[in-house]
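Before any comments, here is the structure.
Taken together, the values in this text are just the output of simple stated rules run on the coordinates, not laboratory data. Keep in mind the model is a prediction, meaning the values are calculated, not measured. Positions of Cβ are backbone-derived with ideal geometry, glycine not excepted, and every protein chain shown enters the neighbour counts.
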Amino acid sequence: MNKLLFDSFALLSFFQKEPGGEKVRDLLRQTLKEETPRLINAINLGELVYITQRRFGVQKKLEMLAHIHRMGFTILPCPNDLIFRAAELKARFAISYADAFALASAMEHSAGLVTGDPEFRQVEHLVKIIWV
């Protein structure tokens, strides 16, 4: 895979040492070694920020953001055309709005989507899913 887009589910499992977190760690190591681009949509990063701060406080949120930066993630912006594409996907499939942004971004960048979120099972025909 030439690019991987990580959704908030995958990165939360990594940062919080939950099931699937070890597979995410292995993927992150592999992408660093092979210089594979690591992507995250700004909407999904926002999810990571609010969930981490709510559960663990401001300090853990700042540490998580520092890790994202150190790991060399490219944070994808949300221009209007992506917003409309995500809205269209949300209208067609029973996925969360944030998941629609991850899906739209993975499609736009021809990236594999790293997740463990079962909502993505219904859209496996649209993008390559790397399950954690």
Item to complete: Can you confirm whether segment 16-26 contains a residue that is out of contact with any Lys or Arg (no Cβ under 6 Å at 6 or more places or on another chain), more than 22 Å from Trp131 (Cβ to Cβ) and not small (Gly, Ala, Ser)?
Response: no
Discussion item. Give all pairs with beta carbons closer than 8 Å in which a residue from segment 50-61 that is in contact (Cβ under 8 Å) with a residue 40 or more places away in the chain and closer than 13 Å to Gln16 by Cα meets a residue that is of a type in the set (Ser, Thr, Tyr) and surrounded by fewer than 14 Cβ atoms within 10 Å (Cβ to Cβ); count only pairs at least 6 apart in sequence or on separate chains.
Written reply: none
Discussion item. Being touching a helix residue (DSSP H, G or I) at 6+ places or on another chain (Cβ under 7 Å), without any contact (Cβ under 8 Å) to a residue 40 or more places away in the chain and in a helix (DSSP H, G or I) is the filter here; which residues of segment 25-44 pass it?
Written reply: Arg25
Worksheet item: Filtering segment 80-103 down to residues that are in a helix (DSSP H, G or I) and small (Gly, Ala, Ser), which residue is farthest from Asn44 (Cα to Cα)?
Response: Ala91
Response to the item:
When every residue in segment 2-12 that is in a helix (DSSP H, G or I) and touching a residue at least 60 places away in the same chain (Cβ under 8 Å) is compared, the one surrounded by the most Cβ atoms within 10 Å (Cβ to Cβ) is Ala10
Discussion item. Looking only at segment 13-24, count every residue that is touching a residue at least 60 places away in the same chain (Cβ under 8 Å) and loosely packed, with under 12 Cβ neighbours inside 10 Å and tell me the total.
Written reply: 1
